[in-house]
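The values are calculated or read from the model by the stated rules, or taken from the named source; none is laboratory data. For clarity, every value in this text was computed on a predicted model and none was experimentally measured. Using ideal geometry, Cβ is built from the backbone for each residue, glycine included, and neighbour counts are taken over all protein chains shown. Ligands, DNA and RNA are stripped out before the accessible areas are found, and what is left, the full protein with its side chains, is counted by its heavy atoms. Shrake-Rupley method; radii C 1.70, N 1.55, O 1.52, S 1.80 Å.
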Amino acid sequence: MAHLAQCFERVILVDMVHLWPARWAAHRYANVALQVSDLSGCVKWLRGEGERCADPLSVFDRGDIDFVVSANCLSQLPILPLDWFESRNRPPPDELGRSIVAGHLEGLSRLQTRVCLVADTEQVTDNREGQLVERFDLLHGIVLPEPDRSWIWEIAPFGEVERHRRECHRVQAHLDWRP
């Protein structure tokens, strides 16, 4: 955050909920602001207050925004809407997860500024012998183009979730997102 605050006149951190570490870190910089926003476009719809928002990113398509980073949120956007249906023992609408992911990517593509996309694409669970135990597509069938960078992020090392299993995410970085 220090680097962003130094490089840009204004930095806006966007999230549905800003946890206290983010609030504390942002508080240290006069040019860093926190903005609460439903980037899934589903919250009002789930409350019964209208239709799903077709393009929740359109509010960021302004002349005073010259760089957007979507960092590790693409795979997170469908989680709460899908959990909402599960918690009510109701099946979600077909393709809900996929449409949320696709909508975010389309919204990023429409922005008139440079966009950096960092996204978890797959969760892989393996055992200590290196055997694949489980694979989960975090983007609900959406396949991203070849990234500029990619890496494995060990999100739960051996012993954290289960003694003999670990969970890793495959992550892609697109330095100038234009599909």
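Checking the stretch 25-33 against the condition returns no match, with no residue being of a type in the set (A, V, I, L, M) and within 21 Å of Ile79 (Cα to Cα). For first residues located in the stretch 159-177 and modelled with pLDDT of 95 or more, partners that are of a type in the set (A, V, I, L, M, F, W, C) and part of a loop (DSSP other than H, G, I, E, B) and lie 6+ apart or on another chain with Cβ distances below 6 Å form the pairs Arg166/Phe158; Gln172/Leu144.
Select, from Arg98, Arg135, the only residue that is at pLDDT 95 or above, assigned to a strand (DSSP E or B) and open to solvent by 60 Å² or more (accessible area, probe 1.4 Å).
Values: Arg98 fails: assigned to a strand (DSSP E or B).
None of the other options fit; the residue is Arg135.
Quick check: is even one residue across the stretch 15-27 closer than 17 Å to Gly103 by Cβ, modelled with pLDDT under 95, touching a helix residue (DSSP H, G or I) at 6+ places or on another chain (Cβ under 9 Å) and not charged (D, E, K, R)? Taking every residue of the stretch 15-27 in turn, at least one turns out to be closer than 17 Å to Gly103 by Cβ, modelled with pLDDT under 95, touching a helix residue (DSSP H, G or I) at 6+ places or on another chain (Cβ under 9 Å) and not charged (D, E, K, R).
When the residues of the stretch 82-95 are filtered to those that are within 20 Å of the chain's Cα centre (by Cα) and open to solvent by 70 Å² or more (accessible area, probe 1.4 Å), which remaining residue is nearest to Thr121 (Cα to Cα)? Only one residue tops the list, namely Glu95.
Within the stretch 31-60, restricting attention to residues that are of a type in the set (Asp, Glu) and open to solvent by 80 Å² or more (accessible area, probe 1.4 Å), the residue that is nearest to Pro92 (Cα to Cα) is Glu51. When the residues of the stretch 138-150 are filtered to those that are without any contact (Cβ under 8 Å) to a residue 24 or more places away in the chain and either surrounded by fewer than 12 Cβ atoms within 10 Å (Cβ to Cβ) or in contact with a Pro (Cβ under 8 Å, 6 or more places away or on another chain) (or both), which remaining residue is farthest from Ser75 (Cα to Cα)? Once the filter is applied, the top-ranked residue is Glu146.
Among the residues making up the stretch 28-72, a single one is in contact (Cβ under 8 Å) with a residue 60 or more places away in the chain and among the aliphatic types (A, V, I, L, M): Leu39.
Answer yes if at least one residue in the stretch 162-178 is part of a loop (DSSP other than H, G, I, E, B), surrounded by fewer than 17 Cβ atoms within 10 Å (Cβ to Cβ) and in contact with a Cys (Cβ under 9 Å, 6 or more places away or on another chain), and no otherwise. Spell out the reasoning first.
In the first step, residues of the stretch 162-178 are kept if they are part of a loop (DSSP other than H, G, I, E, B); the result is 163-164, 175-178.
Retained after the next criterion (residues that are surrounded by fewer than 17 Cβ atoms within 10 Å (Cβ to Cβ)): 163-164, 175-176, 178.
Restricting the remaining residues to those that are in contact with a Cys (Cβ under 9 Å, 6 or more places away or on another chain) gives 175-176.
Checked the stretch 162-178: at least one residue is part of a loop (DSSP other than H, G, I, E, B), surrounded by fewer than 17 Cβ atoms within 10 Å (Cβ to Cβ) and in contact with a Cys (Cβ under 9 Å, 6 or more places away or on another chain).
The residues of the stretch 1-30 that are loosely packed, with under 13 Cβ neighbours inside 10 Å, part of a loop (DSSP other than H, G, I, E, B) and not charged (D, E, K, R), listed by number, are Val17, Leu19, Ala30. If you go through the stretch 111-132 and keep only what is under 21 Å from Ser58 (Cα atoms), open to solvent by less than 30 Å² (accessible area, probe 1.4 Å) and over 16 Å from the mean Cα position of the chain (by Cα), you end up with Leu111, Thr113. Would you confirm, using the coordinates I've provided, whether Gly141 is part of a loop (DSSP other than H, G, I, E, B), touching a Lys or Arg at 6+ places or on another chain (Cβ under 7 Å) and of a type outside the set (S, T, N, Q)? Taking the combined requirement at face value, the residue satisfies it.
Every listed requirement among (1) more than 22 Å from the chain's Cα centre (by Cα); (2) loosely packed, with under 13 Cβ neighbours inside 10 Å; (3) in a strand (DSSP E or B) is met by Gly159 save one, (3).
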